[in-house]
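K.L.:
The structure is given below, and queries will be raised subsequently.
No lab work stands behind these numbers, since they all come straight from the coordinates. None of these values were measured; they are calculated from a predicted model. Note that each Cβ is placed from the backbone with ideal geometry, even for glycine, and that neighbours are counted across all protein chains shown.
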Amino acid sequence: MQKQSKARSFMQATTLMVGLAACSSFVMVPAAMAAERSATERVDDAAITAQVKTRLLANEVTRSININVDTKAGVVTLRGTAPNETAKEKAEEVAHGVEGVQAVANALIIGDSSMNPQTATAKAKDAAVEGEQMAGDAWITTKVKAQLLADDEVKGFDINVSTKSGVVTLAGLLPSEAMRDKAVRITKGVKGVKKVNSDALKVGS
């Protein structure tokens, strides 16, 4: 009888441990999946922020406005100052046009940027983010494209930009040597660019 009782106790303890292990696995798997989703969301948000900034710089109405862009779970927040209601609405419209944007919180203030306390904070935050991401080739490529699109003369031409270890390669066809030199000069002016390879940037009609 004593042996049977011990055997029963052992089986019950074993069953309990197996059950606990199964529950533990059940809890850990969703937690791991949640962590993976969170990491993916952060990457997507960073990409959305970069795209919104690029398009704001490329737009004739918003390129001269200092706009701070933040993205969380696809919701883009715009902060800073706009010279008028038209510019404020255009900034929101541009942000809405970026793929992946779920909503836009337009916190832009209409008025003189020097009187807006958010402007200094926005500039400082942008500088910090830029400093952290500057070393990344993808970030450099985005910045170069933005600067080329922001130029009135160069933006009308299709220039392919790629970056590897800080070396930017430009490829495409431009109408003149002067335009080619300007594209190279703009690229060299972007922070983080170590060298510009313009061999594939041709001049012709």
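K.L.:
Run the numbers for V203 and K164: contour at 0.36 nm per residue of separation, minus the present Cα-Cα distance, in nm.
P.N.:
11.7 nm
K.L.:
Right, next: Calculated FRET efficiency, T86 and K182, Cβ-Cβ r, R0 30 Å, to nearest 0.05?
P.N.:
E between T86 and K182, to the nearest 0.05, is 0.50.
K.L.:
Something else: Nearest 0.05, what FRET efficiency do A171 and E60 give at R0 = 25 Å with Cβ-Cβ as r?
P.N.:
Plugging the Cβ-Cβ distance into 1/(1 + (r/R0)^6) gives 0.45.
K.L.:
Suppose R0 equals 30 Å. What FRET efficiency, 1/(1 + (r/R0)^6) with r the Cβ-Cβ distance, do A105 and D137 give to the nearest 0.05?
P.N.:
0.45
K.L.:
Taking amide H atoms as placed 1.01 Å from N in the peptide plane, list the residues 5 or more away in sequence, or in a different chain, whose amide H sits under 5 Å from that of G97.
P.N.:
Residues meeting the criterion, in which the H sits 1.01 Å from N, do not exist here.
K.L.:
Place the peptides 188-194, 79-85 in order of packing, highest mean first, counting for every residue the other Cβ atoms within 10 Å and averaging per peptide.
P.N.:
Result, highest mean first: 79-85, 188-194.
K.L.:
Greater than 26 Å separation of Cα atoms is the criterion. Which listed pairs, K88/K182; K72/K195; K145/K202; K90/K195, meet it?
P.N.:
Violating the 26 Å Cα-Cα cut-off are K88/K182; K72/K195; K90/K195.
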